[in-house]
Amino acid sequence: VQLVESGGGLVQPGGSLRLSCAASGRIFSITTMGWYRQAPGRQRELVASISAGKNKILNYADSVKGRFTISRDNPWNTVSLQMNSLKSEDTAVYYCYGRVKPTQAGFENDYWGQGTQVTVSS
């Protein structure tokens with residue numbers, strides 16, 4: 001299973017970026033997809049997550065509520081993070097993850113992307 005992110009870069013404070021992540025490989029289902037981030041000298045922290053199914057459960061870190069929006073796109077194995085009103089403290093490497101069930105009878109495991117740098121600076 002591979003998760004590939006795209007969309008990071010340099011943006012000025014107050015600007016916007018959109019991150020995307022696509023999962024591929026041996027996948028039967030993906031229950032949860034989301035984004036973590038890690039700034040230099042800090043622990044990796046959850047940014048946002050979204051469950052599968054009709055009634056999707058969304059979860060956001062308090063620091064990004066009202067500014068970031070996570071969505072599960074078509075096809076079902078992709079997830080995006082729309083980031084608005086970006087602040088310097090949002091600067092970090094952003095990692096996509098997916099909780100994947102490779103086969104119908106198999107167990108779920110968490111898989112991670114390679115990370116994409118987001119830098120908010122004037």
(Q) Return the pair list, or none, for Cβ contacts closer than 8 Å from residues in region 46-62 that are closer than 14 Å to GLY98 by Cα and without any contact (Cβ under 8 Å) to a residue 60 or more places away in the chain to residues that are outside any strand (DSSP E or B) and not aliphatic (A, V, I, L, M), at least 6 apart or on different chains. (A) ILE50/LYS56; ALA52/TRP76
(Q) I need the full set of residues from region 3-39 which are in contact (Cβ under 8 Å) with a residue 60 or more places away in the chain, farther than 17 Å from ASN109 by Cβ and assigned to a loop (DSSP other than H, G, I, E, B), in order please. (A) GLY7, GLY8, GLN12, PRO13, GLY14, GLY15, SER16
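Bear in mind that the values in this text are calculations on the coordinates, not laboratory data. Source: prediction; values computed, not measured. Because the Cβ atoms are built from the backbone with ideal geometry, glycine has one as well, and the counts that use them run over all protein chains shown.
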